[in-house]
Each structure stands twice: as C-alpha cells, then as structure tokens.
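What follows is a single structure, written as structure tokens, with notes after it.
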Amino acid sequence: MTGARVAVLGAVRSGPSYWFESLGAMLRWYLTSMRLLLPVFVVVQMLIASGFSVGISFFFEEITSEAALFLGTGASIIALILAGVVVAPQLIASEKDAGTYDFSWSLPVPRSANVTAWVMLNAVIGIPSMVVALVIADWRLDLDFSPSWTIAPAVVLALTCGTLIGSAVAHAIDRTSITQLISQVFAFGILGFTPITYPIENLPTWLESVHRVLPFYHMGVIVRGGLTDGPGEGIWASYGIVFGWTLAAAVATALVVGRRR
C-alpha cells in the first residue's frame, strides 16, 4: 500500500498536467500577492505610452503619415517592451523587499513554470497598455492599421524576450536598489535612444550598428510589421535576432534561478 501511494504521488508531481497545474498555481500566487501593485503598474504604463504619443505629436506643426505611424505604433510597442525590461525587475525587487521572494522560489513547482508565470504576469500589464496606447494614438494621429496574423507571435515573442531579459537582471542582483537603478537605465535608453518611434536611419552610424545587434529595435520591427503590412523585407531577420536574445535570456535566467535552493 505504501509503495502504491508513493507511485501515485510521483505521478501527480510530474508530467505535463503537473506542470500546467503548477503554472496556474504560481500565476494565482503572483496575481494575489501583487494585487495592490498591478493596477498601479497597468495605469502607469497606459499613461506613459499614451502620453508619449500625444505629447510628442505636439512637436510637429504638421505630422506626416509615416511619422504618425512610427510615433503611434512605437508608443504602444514601448509600453509592451517596458513591461518586460522595467516592470518585471521592479516587481521582483518589490517581492524581495516584501520578503516573499525566497518563499515563492522554494515552492515545490517546476521553475520553468514559475518563470512562465512571470511572463504571463507581465502580459497582464503590457498587453492592455499596448491596446489602450494604440486606441489613443489612433484617435490623436488618425493612424491606418491593417493587422496581420503575425501580430500575435510578434507580441508574444517581444513580451517574452523583454521579460526574460528583465527577470535575468533582477534575479542575478541581490540588492534591490541596484535592480531599480538598472531598470531606470533601461527605460531611459529605450524611450530616448532606441529607434522604435522613429526610423533607425535617423541615428548616427555607430548607434545604428549597436541597435542592429540589440533586440529592442527588432522588437519594434516585428510588432509594427504585425500592426501594419505584415511580413516585409528583412522582418524575418528581426524575428531571428529577437528569438536569439530570448533563448540567451532564458538560459541566463535558468542558470540564475537554478542556483537558488
């Protein structure tokens, strides 16, 4: 009888069904434990993205259709990216400050399910912010959208890549003040110096070369492609670069969280 009970318990605690049950449990845990912070982050992200597209539009006496499309879609894409590389580290830092971080990572669930729950948590923040930013940008700039089927994989890939990059940084650094500082550097660099709301050709040659290696510009390329005319020339190269960074960030995150006991 004892051997049968052990066998049953072993079956319950492994396999796809256990992984998905663990994912659901961890997602409920994070949504519940951060229920006060999440609405604030969602509203802030909406305000940043919407205010960015509306505010920058006042710099133009007459804005061309191309500039309007870059600005309007770019603001929503930035909201999506910031949810990963800025909000995710801040949430992890707040979990460390609250003293729940070690507990959540000591729970008997697969760590891959725990990381996936973080990605889904950031989707709760980033996707509504992106949609609201698009609606307001369309109202302000009279944009011409023609979404294609690629918008779904583009959003998922960009959000996953950004979240894994931000999570890897936050998990690797124990001091939350440094994590907060790095997240602000990410925000400053993406808002001010990443060619998402304007063409990459506007940058100096050396900075253009840097962004052709980093993932953030390419996140903008694939999501904008999904919002406008679908796959275009060179977009598959951007998919490859973002996917490569996603794999690298996933490996880095696995190495960091794998060291925790």
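Laboratory data are not the source of any read-out in this text; all were calculated from the coordinates shown. In this text the structure is predicted, and so the values were computed from the model without any measurement. Neighbour counts run over all protein chains shown; Cβ positions are idealised from the backbone, glycine included.
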Percentage relative contact order, the chain, counting C-alpha pairs under 8 Å, at least six apart: 27
Identify which of the listed values of Rg and Dmax of the Cα atoms in Å was calculated from the structure shown: (i) 19.9, 80; (ii) 18.9, 57; (iii) 29.7, 99. (i)
Calculated [θ] (222 nm, deg cm²/dmol) that DSSP helices of n ≥ 4 give over the chain, each run adding -39,500 (n - 2.57): -25500 deg cm²/dmol
For the stretch 54-165, what Kirkwood radius comes out of the mean inverse Cα-Cα distance, in Å? 15.7
Given the options Gly74, Gly220, Gly55, state which has the largest fluctuation in a GNM of the chain using a 10 Å cut-off (strictly under) for Cα springs. Gly55
To the nearest 0.05, what FRET efficiency results for Ala248 and Gln184 with a Förster distance of 30 Å applied to their C-beta separation? 0.85
Using only the alpha-carbon atoms, how far is helix 176-193 inclined from the longest principal axis of the chain? Give it as 0 to 90 degrees, nearest 10. 30
Using alpha carbon centers only, the stretch 110-173 is separated from the stretch 13-86 by a whole-angstrom value of 6
I need the phi-derived Karplus couplings for the stretch 67-84: 6.51 cos²θ - 1.76 cosθ + 1.60, θ = phi - 60°, integer Hz, Gly and Pro marked x. 5, 5, 5, 4, 5, x, 6, x, 4, 5, 5, 4, 4, 5, 5, 5, 4, x
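Please give the contour-minus-distance gain from Phe145 to Val213: 0.36 nm per residue of separation, less the Cα-Cα distance, rounded to one decimal in nm.
21.7 nm
Could you sort 182-195, 201-214 so that the peptide with the highest average Cβ count within 10 Å comes first and the rest follow in order?
Numbers: 182-195: 16.4, 201-214: 11.9.
Order by mean packing, descending: 182-195, 201-214.
If we count other beta carbons within 10 Å of each Cβ, what is the order of Glu66, Glu21, fewest first?
Lowest count first: Glu66, Glu21.
Full-extension gain between Thr64 and Ser106, please, as 0.36 nm times their residue separation minus the C-alpha to C-alpha distance. Mind showing how you got there, number by number?
Numbers: separation 42, 0.36 × 42 = 15.12 nm, distance 5.37 nm.
Additional length available on full extension: 9.7 nm.
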Hey, what angle do you get for helix 16-33 against the long axis of the chain, alpha-carbon based, 0 to 90 degrees rounded to 10? 70
Relative to the chain, whose Cα atoms define the longest principal axis, helix 2-12 and its Cα axis are tilted in degrees, nearest 10, by 0
